[in-house]
Amino acid sequence: MNSSITATSSNVETAQQALDRLHRDFTARNPKSFAQHEQACEVFPGGNTRTALHYPPFPLTMARGEGSRLWDLDGHEYINLLGEYTAGLYGHSHPVVGAAIRAALDDGISFGSINSVEAQFGRAVVDRFPSIEQVRFTNSGTEANLMAIGLARAFTKKNRILAFRGGYHGAVLTTGVPSSPLNAPFDIVYGRFNDIEATREVIEANADELAVIITEPMLGSGGCVAGDPEFLQLLRDKADETGAVLIFDEVMTSRLSPGGLQGKLGILPDLTTLGKYLGGGSSFGGFGGREEIMSLFDARKDGALMHAGTFNNNVITMVAGYTGLTQVFTPEVCIDLNARGDELRARLNKLCQSAGVDLQFTGVGSLMNAHVTTQPIQTIEDVMTGDMVVRDVLFHHLLQEGIYAARRGFVALTLVVTDEDLDAYVGAVQSFIERYEPILKA
């Protein structure tokens, strides 16, 4: 859809005119956040230390959070549907996780030794995810992916990596178009996500050198594009055929069924990377898989690989992660949350289809993304056909309606979001369609 469509009447805005007006309104409503942004620009390039949180004209500064709600410096209240980009699964102040953290603080932190909780947490992770026979912890999903790739290269004694356009495996492993100059200097060839024949060809052309095939089973940052089961099965089959290690990056998607998206699909990788919510709200990453591969880290053996990390087993993350996974986000709760997400996405798509507008919501379970296009979404190229100006209009409209989501249209449901919260989101999308219908129809 073309955002530069000329209005048919002089009193109807174009998408850009609407966005300019919303930016002016936003600035007028948020003087304290603007002042905070100006101060932050003195010490941070662009005023932030996390690029994803920036959006024009400036980002809101949140002052506090409770349950499913956030309040900014200017006192506005929001329903938080961003869910900290999947990491905030438990909300802002879950009582069970909070109590466990406070108890851990009372017993002290920073031991510089093994602690009593890490093996319990490790057991919970191994029991939960079907491909993981052994696991190791890191401090972020980025670190987990770097370690998993390094391990796979050491195991196969090869170097080449197959990744897919639109994937995100951390700040130094992005596979957008073009690739980031900050990427780690791996020998990477790129495939087209969900394109079976093109992927078969690239694997066969690189079979002798291929150490790693890495993908998200659903593109997360790339727009909640679900992997076709036939495509993912091809990766499994070709990894077996070539001896490459298949890595599923489930940093985001491990919450989509009790056993992750791999469990839901019944397609198991050799290694799985984890992160986000599994830290219970604290910094966390992890990677695990076949014992044959993971045993290269067994420090009891001569020549074992080194895996250091001061905070790999920090007490706060171990306690918060173990408590959350075993006492709060049980398999039954996981199934219920994702069923609610599927129902919400169906309601939203029915609303868009009934209105006949260029808007749709993709995803699986509790994760979803808005796209300002009616074209089927199978690849990152399909995602890029969406109208990004209208997407920004949606983002600012939602803020006016008291809904906090990602600028790119991403939503991650939390355990504390209520049915009334979800109804409010549907209502906000409906009011967006009614208000901006002229720019939502090609």
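Data for the structure
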{"quantity": "In sequence order, calculated HN-Hα J values of region 301-311 (Karplus, 6.51, -1.76, 1.60; Hz; x Gly/Pro)", "calculated": "9, 4, x, 5, 5, 8, 9, 9, x, 3, 10"}
{"quantity": "Shape metrics for region 1-151, restricted to C-alpha atoms - Rg then Dmax, Å", "calculated": "22.3, 70"}
{"quantity": "Placed amide H near residue 63: partners under 5 Å, 5+ positions off or other chain", "calculated": "71, 72, 73"}
{"quantity": "Whole-Hz ³J(HN,Hα) from phi, Karplus 6.51 cos²θ - 1.76 cosθ + 1.60, for region 224-238, glycine and proline x", "calculated": "6, 9, 5, x, 5, x, 5, 5, 5, 5, 4, 4, 4, 5, 6"}
{"quantity": "Label-point separation, residue 298 to residue 343 (7 Å along Cα→Cβ), nm", "calculated": "4.8"}
{"quantity": "Kirkwood-based shape ratio for region 359-432, expressed as Rg/Rh from alpha carbons", "calculated": "0.96"}
{"quantity": "Stokes-Einstein translational diffusion, the chain - Kirkwood Rh over all Cα pairs, 0.692 mPa s, 37 °C, in µm²/s", "calculated": "143"}
{"quantity": "Percent antiparallel among DSSP beta bridges (both partners in the chain, rounded to 5)", "calculated": "65"}
{"quantity": "Residue 307-residue 12 FRET efficiency (beta carbon distance; Förster radius 45 Å; 0.05 resolution)", "calculated": "0.15"}
{"quantity": "For region 49-98 and region 192-221, distance of Cα centres in Å", "calculated": "35"}
{"quantity": "Residue 285 long-range amide H proximity, modeled H, under 5 Å", "calculated": "138, 139, 140"}
{"quantity": "Residue 159 paired with residue 430, simple spin-label distance in nm, labels 7 Å along Cα-to-beta-carbon", "calculated": "5.9"}
{"quantity": "Fewest-first sequence of 277, 436 by Cβ atoms within 10 Å of each Cβ", "calculated": "436, 277"}
{"quantity": "Convex hull volume per residue in cubic angstrom - Cα atoms of region 399-442", "calculated": "86"}
{"quantity": "DSSP beta bridges in region 95-328 [antiparallel fraction, %, rounded to 5]", "calculated": "50"}
{"quantity": "Rounded to 10°, Cα long-axis angle of helix 15-29 versus longest principal axis of the chain", "calculated": "80"}
{"quantity": "Chain lengthening between residue 42 and residue 103 when straightened (0.36 nm per residue, less Cα-Cα)", "calculated": "18.1 nm"}
{"quantity": "Rg/Rh (Cα only; Kirkwood hydrodynamic radius) as it applies to region 274-361", "calculated": "1.21"}
{"quantity": "Bins of 5 Å, starting at 0 and running to the largest distance - Cα pair percent for region 104-238", "calculated": "2, 9, 16, 19, 19, 14, 8, 6, 4, 2, 1, 0"}
{"quantity": "DSSP-defined antiparallel bridges as percent of all bridges, region 231-302, nearest 5", "calculated": "60"}
{"quantity": "Stokes-Einstein diffusion coefficient of region 284-442, Kirkwood radius over Cα pairs, 37 °C, 0.692 mPa s, in µm²/s", "calculated": "175"}
{"quantity": "Lysine pairs within region 95-328, Cα separation less than 22 Å, 8 or more sequence positions apart or different chains", "calculated": "5"}
{"quantity": "Distant alpha-carbon pairs in region 95-328 (separation over 31 angstrom), percent", "calculated": "21"}
{"quantity": "Ellipsoid semi-axes in whole angstrom, largest first, where each is sqrt(5λ) of the Cα gyration tensor of region 221-346", "calculated": "27, 23, 11"}
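FYI, it's all coordinate maths here, none of it is from the lab. None of the values given here were measured: they were computed from a predicted structure. Ideal geometry is used to build each Cβ from the backbone, glycine not excepted, and the neighbour counts take in all protein chains shown.
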